[in-house]
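Only one structure is covered here, and it is reproduced in the block below.
The values are calculated or read from the model by the stated rules, or taken from the named source; none is laboratory data. Worth saying up front: this structure is predicted, and the values here are computed from it rather than measured. Please note: Cβ atoms are built from the backbone with ideal geometry, for glycine as well, and neighbour counts cover all protein chains shown.
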2 protein chains.
Amino acid sequence: MWTTTAITKKIGIKFPIIQAPMAGGATTPELVAAVSNAGGLGSLGAGYMAAQEIRTAIIRIRELTDKPFSVNLFIPEKYHATLTQINQMCHWVEQSCPELNTKINPVIAPYAPEFDNQMSVILEEKVPVFSFTFGILNGNWIEKLKNKGVFLIGTATTLTEARLLLEHQIDAVVAQGSESGGHRGTFIGKTEDALFGVETLVRHLLENVKIPVIAAGGIMDAKGIVSALALGAEAVQMGTAFLNCHESGINSSYKDALLSAMQDNTILTRVFSGKMARGLKNKFIERMQHYQDDILDYPIQNALTRSMRKEAEKQGNVDFMSMWAGQSVYLSKACSAAELIKKLTNDVNVLLKKIK
Amino acid sequence: MWTTTAITKKIGIKFPIIQAPMAGGATTPELVAAVSNAGGLGSLGAGYMAAQEIRTAIIRIRELTDKPFSVNLFIPEKYHATLTQINQMCHWVEQSCPELNTKINPVIAPYAPEFDNQMSVILEEKVPVFSFTFGILNGNWIEKLKNKGVFLIGTATTLTEARLLLEHQIDAVVAQGSESGGHRGTFIGKTEDALFGVETLVRHLLENVKIPVIAAGGIMDAKGIVSALALGAEAVQMGTAFLNCHESGINSSYKDALLSAMQDNTILTRVFSGKMARGLKNKFIERMQHYQDDILDYPIQNALTRSMRKEAEKQGNVDFMSMWAGQSVYLSKACSAAELIKKLTNDVNVLLKKIK
């Protein structure tokens, strides 16, 4: 049975379908729990959440489901910017969004939630699955989580990164293909040099490292799932497909933009967060192309554009929101998480019967 | 039978395997003919060849095979550079390769062979298959070739480009995935925005335009072929896989570099030709990163680095050669074209038996 893989057995889920942990509001406790209740693995994208918010969300998820779920965090990286650089970028961002009629304030540290505080909650709450991206989790945390029986999932965009995750005894790796929406997980070398299509990347990993691989990138339907599992992946991770679920927390203008998106509508950009991410093209991305070389390091750039993004969301103005989406966004459909998983699994069964 | 597709029937070849037309020396008449004799479609990459050279090569191919073969040309594009810009780039290139102990001369037009002269030979010689990249063939040429019964293949990196090819009644389209080695065929919008993994791109095209699709990018073995055909592609086009064939005209140090290449060894760069292309990383690419913004338009940059590349080839110095290769280069094997096609087709049969 296609539903029985090393991952479904180890985590204790019915289907090898993981809802991607999308930070920034999409992965409400309601979405996470609905996915897990439907037999997939729901994931909370907690990268931007402060420790207490994470704890509240986990408690809420547990009220809604008794099935396994996952929480994801961002591994912190080094960053630097002078005050002059920050002020300059602030000026450019403000110039780029006069339509919003809002003021961009130069940000001050901390630019992101304190990682160790976030991790303490993960450990204390003993989440069933912990996943991370942008780097490798520190050895102390790995040991502590393993002692509590937490299943660990890392993210790799190249074979080199996957090898490193294996060396650190991470349980499984998400092979993040270049099709993926949202932030690139690349943490060794340049992001531009680590753009492998999901199929190629999954093969690179499977043929070279003994680690369960979760295929991610452009997978939105049964064809994508069957193709990934046929290559040898133990599960798929799907993000964009879940963005339009009723339980997803993104705002309605973003949902509408996804539903009407065409095939060539996504782009890789650093302008929103300082880190390369794939999303729907819009006015802000286009205007900020001129300042490419001066985009600040993540998470400074991210903190600096936050008030603009929040204001744009409030106004329902898609020109200045970050609307992360993968390259198969054109397959977007609005439904509940349970309906989506039911449709996916039914379609996979039909497709497999056809092949056999 | 997997060997019977709309493309194999129309062109009259035994297997749906096209050897990619790689300009720059790889596709000798011997390679082209060997592939066609083995049941695939051999292709002459004639983009850099003057009209008379193309004619000589076609005559030689016909001496070596009576099977169908293909010739490929580059659709000319607009370009511009001031003398100051050319002199500046000339200086930088020279600074970047002191090890070669050679002088780079500022180039003067023409930077590339005259396209209409090239096309006249294609028409006069009535080649069985004509393929093109970097744009759309002019309507007059399309009409003339169609009147002679020439099968036409265009190249697309996005759905928008494929739609345009269909409007121009091109017979089939190569879906050039981002994994592909060599030049990107993108001709609408920015190359960076047109990087789709082959699987995603093939699906985009098949689900939206009624045109036979040839899958290209990272396909080096039976798994790649079966995967592409399963998605609905009518054939695969493979380049890197043929580079190490005994009949391939690339120099031996380039062949050795391919054989020892690892998964993360390729990069997309404009430094050699002015047009984005994927190849093995080397010293020249790394050093020229500093001058990214000043890389000249294709074909000026290409003409300007030519003497350096030729000298590097002569010296067997891989630091300054353009060594185009796709992302699955690590699967490279040295053998004859006939052996490669035999192995591929046998492996496909074994794999299909296993699946069924």
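Annotations
- Any hit, region B:175-182, residues being at pLDDT below 95 and facing chain A (nearest Cβ under 10 Å): no
- Counting the residues of region A:17-70 that are surrounded by fewer than 24 Cβ atoms within 10 Å (Cβ to Cβ), in contact with a Ser or Thr (Cβ under 7 Å, 6 or more places away or on another chain) and not polar (S, T, N, Q) gives 4.
- Of the residues making up region B:62-83, those that are closer than 20 Å to B:K10 by Cβ and either touching a strand residue (DSSP E or B) at 6+ places or on another chain (Cβ under 6 Å) or touching a residue at least 24 places away in the same chain (Cβ under 8 Å) (or both) are B:T65, B:K67, B:P68, B:F69, B:S70, B:V71, B:N72.
- Residues of region B:170-222 satisfying the condition of being within 14 Å of B:I7 (Cβ to Cβ) and either among the small types (G, A, S) or touching a His at 6+ places or on another chain (Cβ under 9 Å) (or both): B:A172, B:A175, B:A215, B:A216
- B:F151 meets all of the listed conditions (1) within 30 Å of B:D319 (Cα to Cα); (2) crowded, with 19+ Cβ neighbours inside 10 Å but one, namely (1).
- Within region A:261-277, the set of residues being β-branched (V, I, T) and either within 11 Å of chain B (Cβ to nearest Cβ) or assigned to a helix (DSSP H, G or I) (or both) comprises A:T266, A:I267, A:T269.
- Failed condition for A:E99, given (1) among the acidic types (D, E); (2) outside any loop (DSSP other than H, G, I, E, B); (3) modelled with pLDDT of 95 or more: (3)
- Candidates B:I61, B:I86: the one that is farther than 15 Å from B:Y298 by Cβ and of a type in the set (A, V, I, L, M, F, W, C) is B:I61.
- Cross-chain or 6+ apart pairs with Cβ under 7 Å, region A:140-159 first and within 14 Å of chain B (Cβ to nearest Cβ) and at negative phi, then small (G, A, S) and in a helix (DSSP H, G or I): A:A156/A:A162
- Output for region A:330-356, where each listed residue is in contact with a Leu (Cβ under 8 Å, 6 or more places away or on another chain), more than 12 Å from A:A34 (Cβ to Cβ) and of a type outside the set (S, T, N, Q): A:K333, A:A334
- Positions within region A:183-226 being within 15 Å of the chain's Cα centre (by Cα), within 9 Å of chain B (Cβ to nearest Cβ) and surrounded by fewer than 24 Cβ atoms within 10 Å (Cβ to Cβ), in sequence order: none
- The residues on offer are A:L296, A:L258, A:L229, and the sole one that is within 14 Å of chain B (Cβ to nearest Cβ) and either part of a helix (DSSP H, G or I) or touching a Leu at 6+ places or on another chain (Cβ under 7 Å) (or both) is A:L229.
- Boolean, A:K353 is surrounded by fewer than 18 Cβ atoms within 10 Å (Cβ to Cβ), within 14 Å of chain B (Cβ to nearest Cβ) and either without any contact (Cβ under 8 Å) to a residue 40 or more places away in the chain or aromatic (F, W, Y) (or both): yes
- Any hit, region B:316-339, residues being surrounded by 22 or more Cβ atoms within 10 Å (Cβ to Cβ), more than 30 Å from A:L206 (Cα to Cα) and among the polar types (S, T, N, Q): no
- Residue within region A:323-346 that is away from chain B (no Cβ under 14 Å), within 30 Å of A:T269 (Cα to Cα), out of contact with any strand residue (DSSP E or B) (no Cβ under 8 Å at 6 or more places or on another chain) and free of Cβ contacts under 8 Å to residues at least 12 places away in the same chain present: no
- Inside region B:257-299, residues that are in contact (Cβ under 8 Å) with a residue 60 or more places away in the chain and within 18 Å of B:K333 (Cβ to Cβ) make up a count of 8.
- Scanning region A:92-110 turns up no residue that is under 27 Å from A:I219 (Cβ atoms) and surrounded by fewer than 18 Cβ atoms within 10 Å (Cβ to Cβ).
- Selected residue (criterion: nearest to the other protein chains (Cβ to nearest Cβ)) from residues of region A:232-255 that are closer than 17 Å to A:D319 by Cβ and not in a loop (DSSP other than H, G, I, E, B): A:Y254
- Of the listed requirements (1) crowded, with 20+ Cβ neighbours inside 10 Å; (2) over 16 Å from the mean Cα position of the chain (by Cα); (3) among the β-branched types (V, I, T), B:T160 misses just one: (1).
- On inspection, A:D171 does not qualify as more than 30 Å from A:Q289 (Cα to Cα), of a type in the set (D, E), at pLDDT 95 or above and surrounded by fewer than 18 Cβ atoms within 10 Å (Cβ to Cβ).
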